[in-house]
Amino acid sequence: MSPFLLTRTLPSDATDAALRADVLDGLTRHPKSLPPKWFYDAHGSELFEEITRLEEYYPTRSEREILLARAGDIAAASGARTLIELGSGSSEKTRHLLDALPGLHTYVPVDVSESALTGAAQSLLAERPGLSVHALIADFTHTLELPDSPGPRLVAFLGGTLGNLLPGERAEFLRSVGARLSPGDGLLLGTDLVKDEATLVAAYDDAAGVTAAFNKNVLSVVDRELGADFQLDDFEHVALWDAEHEWIEMRLRARRALTVKVRELDLVVPFEEGEELRTEISAKFREEGVRAELAVAGLRLDEWWTDPAGRFALSLSTV
Ligand code: AVJ
């Protein structure tokens, strides 16, 4: 069998249809919102990579610390023959995992971006000729279909991206993961942790303004893909800590009353001065909360590892 397979579970025009639906829905609801998945065009992905290198943005560094320190424990506890990584992106984090899983036979990166998948697969196969890579172009937050592969399987969902899902979406996602795992399979989950507001807000509102540019990039995506006329300077980046829901919220605030036309949707969107469009939530977690949410999904939390500063956690759970 070829060491590299690519399966497209999304029709090639799926992205366009999904963007149109999300923008029509998001800009006509009150309050307005757009899903964070649309940040990640080529420029948005570059901005995110830059964010991960910012002093204020600790999650990536913290998770890498844990992965390096706990790789042996993860391998011993999971004994995985297949690693399925959801939202694999550049698969940089994956190398630490692959190094730790000596018995690995198959790597299944899952992402919506075909370019990220093929790029990562080519470099991994060059480094690990014995590995089989079965890349899946899929939006795992909607339908999670996993290819047959040798067990035990380890599903990895890293980076804290679980926090982008609203509580109801999180419950459905975790349920769908639990439903697809067999006894002996595991879920390796990265979750950012609740901490002081100043540290949290700084991580999403850095002094250099990279996160502000990342946030505004979603307007550029809508302008380019749907012929809208958002002016980025008309909007101000907002990052706030919602202590009730325990999540960071990113928004774009209209500096003045204005209207935006979305040509492809034949839509005119009014904004009042000061009106805010929500672009992302990034939920922060506590160990007991993660344990409870996993239990509802039929998953037992077996291991909880944090970085020395206790900022971020990796958890290993099994069905
Ligand atoms: C990639 C979704 C984990 O929520 O921290 C970074 C995205 N947003 N800065 C996060 C993000 C603003 C990041 N995730």
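Things worth noting here:
- Every condition in (1) touching a strand residue (DSSP E or B) at 6+ places or on another chain (Cβ under 7 Å); (2) within 16 Å of the ligand (Cβ to nearest atom); (3) at pLDDT below 80 holds for Ala116 except the one numbered (1).
- Residue in the range 221-229 that is farther than 21 Å from Leu314 by Cβ, within 16 Å of the ligand (Cβ to nearest atom) and crowded, with 16+ Cβ neighbours inside 10 Å present: yes
A quick yes/no check of all residues on (1) within 16 Å of the ligand (Cβ to nearest atom); (2) exposed (fewer than 13 other Cβ atoms within 10 Å of the Cβ):
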| residue | (1), (2) |
| --- | --- |
| Met250 | yes, no |
| Val262 | no, no |
| Thr279 | yes, no |
| Glu288 | no, yes |
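- Leading residue by the ranking (nearest to the chain's Cα centre (by Cα)) among those in the range 152-171 that are buried (at least 16 other Cβ atoms within 10 Å of the Cβ) and of a type outside the set (A, V, I, L, M, F, W, C): Thr161
Conditions (1) outside any helix (DSSP H, G or I); (2) more than 22 Å from Ala77 (Cβ to Cβ); (3) touching a residue at least 40 places away in the same chain (Cβ under 8 Å), marked per residue:
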residue	(1), (2), (3)
Thr279	yes, yes, yes
Glu288	no, no, no
Glu293	no, no, yes
Glu303	yes, no, yes
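- When we screen Ser33, Ser45, Ser12 for residues that are among the polar types (S, T, N, Q), surrounded by 13 or more Cβ atoms within 10 Å (Cβ to Cβ) and at pLDDT below 90, the only hit is Ser45.
- Residue match in the range 236-245 (condition: within 16 Å of the ligand (Cβ to nearest atom), assigned to a helix (DSSP H, G or I), surrounded by 15 or more Cβ atoms within 10 Å (Cβ to Cβ) and not charged (D, E, K, R)): no
- Tally, over the range 150-168, of residues that are in a strand (DSSP E or B) and either among the basic types (Lys, Arg) or away from the ligand (no atom under 16 Å from the Cβ) (or both): 3
Results for (1) in contact with a Ser or Thr (Cβ under 8 Å, 6 or more places away or on another chain); (2) within 14 Å of the ligand (Cβ to nearest atom); (3) assigned to a loop (DSSP other than H, G, I, E, B), shown as yes or no for each residue.
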site: Pro109; (1), (2), (3): yes, no, no
site: Ala135; (1), (2), (3): yes, no, no
site: Leu144; (1), (2), (3): yes, no, yes
site: Asp148; (1), (2), (3): no, no, yes
site: Arg170; (1), (2), (3): no, yes, no
site: Ala212; (1), (2), (3): no, yes, no
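- Residue in the range 33-44 that is in a helix (DSSP H, G or I), among the acidic types (Asp, Glu) and within 26 Å of Ile137 (Cα to Cα) present: no
- Top-ranked residue of the range 62-83 - restricted to ones that are in contact with a helix residue (DSSP H, G or I) (Cβ under 8 Å, 6 or more places away or on another chain) and touching a residue at least 60 places away in the same chain (Cβ under 8 Å), ranked as nearest to the ligand (Cβ to nearest atom): Glu63
The values are calculated or read from the model by the stated rules, or taken from the named source; none is laboratory data. The shown structure was predicted, so the numbers you read here are calculated from the model rather than taken from an experiment. Ideal geometry is used to build each Cβ from the backbone, glycine not excepted, and the neighbour counts take in all protein chains shown.
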